[in-house]
Amino acid sequence: MNVLFRRVLPTALALLAILLLLLRLTGFVRHLGVRKATLDQRSSQAALGVAAISAQDWGDRFGDGTPNFLRLTDPADQAAFRRWFAQIADYEALRPKAEIPLEITDCASLLRYAYREALKRHNDSWFLATGIEVAAPPGEIRAWHYPDTPLGAALFRVQSGSFAAADVSNGAFAQFADAKTLVERNAYFVSRNVHEALTGDLLFYRQFGQSSPWHSMIVAESGPAARVVYHTGTDHGRPGELRRVLISDLLDHPQPQWRPVEQNPNFLGVYRWNILRGNP
């Protein structure tokens, strides 16, 4: 009996090892199947998202370089964007200098930051990450949220011309754009009458003779108490600062080249983001 047991034991152990190996392989294959199904589902969802945008419109009805799928055509979305954009810029101008995001170093970077953050989903994670506090948060934009579009993180138009599908990947859009590019490629002219500016609009200047001639301001509030928020930029190597100024005071600025009046050749006028150029 002992002899038989000694002869059978190695074979039994070998068979058991093979069985365990088969079971592990079966589980691994099942895991791969589940993982593949999950990836396929995510790919399908992404494809559906792009397809939904594609079905909506990949055109450029104004020929300004901005695709229609970025335009906020719903008045509620437009109002939400305006309020978020203005409030974010306003908040940064009020916080201590040490708490201002490091990326905000001039007027263009303030525009880029407030624009990008206004288009994000404003959930608990966003408030925690930005440290921004808003007493009465504006409604959420429903059309889309940054960076969930075919353009991804490349939000700003940097090349001339109307939008074409190839612009999604040919460098026509980027995460960075200077003040000149923002006004020429991502916004459109409204008026040279500053009193026609709405909350969230932009004031642009070109100060001839300066090393950085293009300057911008954000209209943080319109109406009787209209005011702007802007960054002064560096001054002879010294860091600038954020400022909140009433438009009424700006109209009496001691330096005439900064007055937003039609008689001032340095004042280019009131501009509005292209994504707000979406009313049917």
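General remarks:
- Debye intensity ratio in log₁₀ form over the Cα atoms of region 90-149, taken at each q of 0.26, 0.28 Å⁻¹: -1.32, -1.42
- Each residue of region 129-135 was assigned a 3J(HN,Hα) from its phi angle through the Karplus expression (A = 6.51, B = -1.76, C = 1.60, θ = phi - 60°), giving 6, 8, x, 7, 10, 10, 4 Hz with x at Gly and Pro.
- Of the GluC sites (Glu not before Pro) in region 67-108, those whose Cβ has at most 12 other Cβ within 10 Å and which sit in DSSP loop: E103
- Those chymotrypsin sites (Phe, Trp or Tyr not before Pro) in region 160-242 that DSSP places in a loop and that have at most 10 other beta carbons within 10 Å: F208
- Principal axis box of region 161-265, alpha-carbon based, largest edge first, Å: 47, 35, 24
- Ratio Rg/Rh, restricted to region 68-275 and using Cα atoms, in which Rh is the Kirkwood radius: 0.94
- Mean Cα-pair separation over length for region 68-275, i.e. relative contact order, pairs under 8 Å, 6 or more apart, %: 23 percent
Any read-out appearing in this document is the output of simple, stated calculations on the displayed coordinates, not a laboratory observation. Because the structure is predicted, anything quoted here is derived from the model rather than measured. Positions of Cβ are generated from backbone atoms using ideal geometry, with glycine treated the same way; all protein chains shown enter the neighbour counts.
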